[in-house]
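Engineer: Dropping the structure in here first, questions after.
The values are calculated or read from the model by the stated rules, or taken from the named source; none is laboratory data. Model, not experiment: these values are computed from the prediction. With ideal geometry, Cβ positions are generated from the backbone for all residues, glycine too; neighbour counts draw on all protein chains shown.
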Amino acid sequence: MNLHFTEEQQMMRRMVRDFAESEIAPYIEKMEEGEFPRDILKKMGELGLMGIPIPEEYGGSGMDFTSYIIAIHELSRVSAAIGVILSVHTSVGTNPILYFGTEEQKKKYVPKLAKGEYLGAFCLTEPSAGSDAASLKTKAVKQGDYYKLNGSKVFITNGGEADTYIVFARTGDEKGSKGISAFVVEKDTPGFIIGKDEKKMGLHGSRTVQITFEDALVPAENLIGEEGQGFKIAMANLDAGRIGIAAQSLGIAEAALEHAIFYSKERRQFGKPIAANQGIGFKLADMATQVEAAKLLTYQAAYLRDNGQPCGKEASMAKLFASQTAMNVATEAIQVYGGYGYTKDYPVERFFRDAKICQIYEGTSEIQRIVISKHLLK
Ligand code: CAA
């Protein structure tokens with residue numbers, strides 16, 4: 001594994017860091033009040049950030065996967081909400097079409113998504129099919145040139161704001177992972193209904209909704225891949241998606257660590273900065289060690305992916321460890337801040353609220369352990 005970042009990757013880091021600090025940081029308060037960051041996403045589209053790893057022939061920036069991971073990492077240092085919007089849009093909202101779609105589907109949708117003219121979303125989870133994704137019940141019945149979709153999806157990131165949705169539904173009578181197919185569904189499809197807007201603990205500014213399909217007629221040409229291939233399409237794209245969530249977690253953890261270091265040098269108690277106490281210094285040392293390890297796992301998974309090597313196990317390890325790190329480091333950062341850390345006057349309480357979901361979505365920590373152990377034992 002090569003841990004040396006290329007000049008292009010370093011430029012990406014500098015560019016996204018500048019953008020996040022100058023354009024996103026002043027907007028955080030509005031997002032915390034629930035505003036969806038449309039203007040920020042528009043600017044990100046203009047900078048080529050909405051299609052970083054998408055080939056230029058499909059309207060993307062044609063950069064490597066590591067550059068994309070750098071962008072999510074840097075954006076999430078400032079706003080984990082923006083980090084997840086980009087991650088879902090790219091890894092699971094665009095890539096299923098790019099990797100499994102027909103040439104017509106790619107030409108129709110990918111350039112718009114890659115340029116940020118469209119926002120993408122991913123509809124796998126259902127009220128009774130979360131970790132057990134293969135038990136989903138949404139049905140797609142072929143009728144002439146259309147599939148008629150009926151069912152409900154929950155916790156759809158970017159839902160209501162997105163223009164296209166990668167939707168998983170049953171096309172056959174087979175149980176489990178067989179008989180599931182993937183479709184691109186456009187937001188103005190009749191019978192496609194946006195439901196409850198979830199009021200979340202964190203990630204304010206990122207929108208999460210329920211979606212119902214009531215006799216929604218989706219053109220047959222919007223089937224991605226073949227009938228019955230849907231579960232594999234979901235899983236294959238989640239592999240890469242999980243590296244994105246690891247990078248998001250890393251961004252949160254790094255931000256929490258940086259704030260804790262800064263504050264521990266400023267805050268004086270007993271006549272000296274609190275950083276002068278080993279109790280604080282050791283805490284910072286543990287936090288920094290975890291962040292470093294999370295960084296290595298995350299960029300290792302990205303490196304494998306860039307080099308065409310299997311990365312499912314490493315992606316799950318990165319997601320498992322980095323999300324745990326985000327939670328630990330954000331918790332300890334609040335401890336360093338003491339009572340002030342528990343108030344909304346400082347950002348560490350936001351990092352804490354944003355970190356928790358990283359252990360849940362795109363597969364809980366328990367699911368990551370299942371994936372890792374399956375790889376170890378096969
Ligand atoms: N790539 C390609 N194919 C894969 C695969 C992968 N990574 N993983 C599994 N498959 C294939 C298997 O090879 C198998 O195929 P065959 O039957 O032909 O052998 C088939 O899929 C079924 O595999 P499993 O028997 O392993 O499936 P399972 O039912 O036991 O489930 C699971 C496995 C890992 C638990 C899976 O259900 C899972 O990942 N659950 C978590 C769901 C999840 O991550 N949801 C995220 C929602 S999206 C989101 O959160 C976005 C957001 O908002 C941020």
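Engineer: So Gln143 passes all but one of these: (1) more than 11 Å from the ligand (Cβ to nearest atom); (2) in contact with a Pro (Cβ under 9 Å, 6 or more places away or on another chain). Which condition number does it fail?
Structural biologist: Failed condition: (2).
Engineer: If you take the residues in segment 238-281 that are aromatic (Phe, Trp, Tyr) and free of Cβ contacts under 8 Å to residues at least 24 places away in the same chain, which one is farthest from Val16 (Cα to Cα)?
Structural biologist: Of all residues in segment 238-281, those aromatic (Phe, Trp, Tyr) come to 262-263, 270.
Those still in the list that are free of Cβ contacts under 8 Å to residues at least 24 places away in the same chain too: 262, 270.
Numbers: Phe262: 22, Phe270: 40 Å.
This residue is Phe270.
Engineer: Further question: Report those helices (runs of 4 or more DSSP H) wholly inside segment 270-378 carrying at least 1 residues which are aromatic (Phe, Trp, Tyr) and closer than 16 Å to Ala256 by Cβ.
Structural biologist: Details: elements: 278-306, 312-337, 348-358, 365-377.
It comes to 312-337, 348-358.
Engineer: Of all the helices (runs of 4 or more DSSP H) wholly in segment 1-111, which have at least 2 residues that are modelled with pLDDT of 95 or more and over 24 Å from Pro310 (Cα atoms)?
Structural biologist: Working: elements: 7-19, 28-32, 38-46, 65-78, 80-87, 95-100.
Once the helices (runs of 4 or more DSSP H) in segment 1-111 are filtered for at least 2 residues that are modelled with pLDDT of 95 or more and over 24 Å from Pro310 (Cα atoms), what remains is 7-19, 28-32, 38-46, 65-78, 80-87.
Engineer: State all residues of segment 84-125 that are within 15 Å of Thr208 (Cα to Cα), of a type outside the set (Val, Ile, Thr) and near the ligand (Cβ under 10 Å from one of its atoms); if no residue qualifies, say none.
Structural biologist: Selection gives Ser87, Gly93, Ala121, Phe122, Cys123, Leu124.
Engineer: Considering only residues of segment 187-205 that are in contact with a Phe, Trp or Tyr (Cβ under 8 Å, 6 or more places away or on another chain) and either among the polar types (S, T, N, Q) or more than 16 Å from the ligand (Cβ to nearest atom) (or both), which is farthest from Lys137 (Cα to Cα)?
Structural biologist: Lys187
Engineer: Mind listing just one residue for me: the one in segment 120-141 that is among the β-branched types (Val, Ile, Thr) and over 18 Å from Ile357 (Cα atoms) and, of those, surrounded by the fewest Cβ atoms within 10 Å (Cβ to Cβ)?
Structural biologist: Val141
Engineer: Take Ala134 and tell me if it is touching a strand residue (DSSP E or B) at 6+ places or on another chain (Cβ under 8 Å), within 16 Å of the ligand (Cβ to nearest atom) and assigned to a helix (DSSP H, G or I).
Structural biologist: Values: touching a strand residue (DSSP E or B) at 6+ places or on another chain (Cβ under 8 Å): yes; within 16 Å of the ligand (Cβ to nearest atom): yes; assigned to a helix (DSSP H, G or I): yes.
It is true that Ala134 is touching a strand residue (DSSP E or B) at 6+ places or on another chain (Cβ under 8 Å), within 16 Å of the ligand (Cβ to nearest atom) and assigned to a helix (DSSP H, G or I).
Engineer: Scan segment 290-301 and tell me whether some residue there is surrounded by fewer than 19 Cβ atoms within 10 Å (Cβ to Cβ) and either aliphatic (A, V, I, L, M) or more than 26 Å from the chain's Cα centre (by Cα) (or both).
Structural biologist: yes
Engineer: On to the next question. Kindly evaluate Glu362 against the criterion of being buried (at least 23 other Cβ atoms within 10 Å of the Cβ), within 21 Å of Ser79 (Cβ to Cβ) and within 16 Å of the ligand (Cβ to nearest atom).
Structural biologist: Values: buried (at least 23 other Cβ atoms within 10 Å of the Cβ): yes; within 21 Å of Ser79 (Cβ to Cβ): yes; within 16 Å of the ligand (Cβ to nearest atom): yes.
Answer is yes for this residue.
Engineer: Right, another one. Considering only segment 325-346, state which residues are within 21 Å of Gln248 (Cβ to Cβ) and among the acidic types (Asp, Glu).
Structural biologist: Once the filter is applied, which keeps residues that are within 21 Å of Gln248 (Cβ to Cβ) and among the acidic types (Asp, Glu), segment 325-346 yields only Glu332.
Engineer: Inspect all residues belonging to segment 331-351 and state whether any of them is buried (at least 23 other Cβ atoms within 10 Å of the Cβ), within 16 Å of the chain's Cα centre (by Cα) and more than 18 Å from Arg77 (Cβ to Cβ).
Structural biologist: no
Engineer: Could you tell me how many of the residues in segment 207-246 are more than 9 Å from the ligand (Cβ to nearest atom) and either surrounded by fewer than 21 Cβ atoms within 10 Å (Cβ to Cβ) or not basic (Lys, Arg) (or both)?
Structural biologist: Residues of segment 207-246 that are more than 9 Å from the ligand (Cβ to nearest atom), as a first pass: 207, 209-230, 240, 243, 246.
Next, from what is left, pick out any that are either surrounded by fewer than 21 Cβ atoms within 10 Å (Cβ to Cβ) or not basic (Lys, Arg) (or both): 209-230, 240, 243, 246.
Residues meeting the conditions: 25.
Engineer: Since Asn158 meets every condition but one in (1) at positive phi; (2) more than 11 Å from the ligand (Cβ to nearest atom), which condition does it not meet?
Structural biologist: It fails just one condition, (2).
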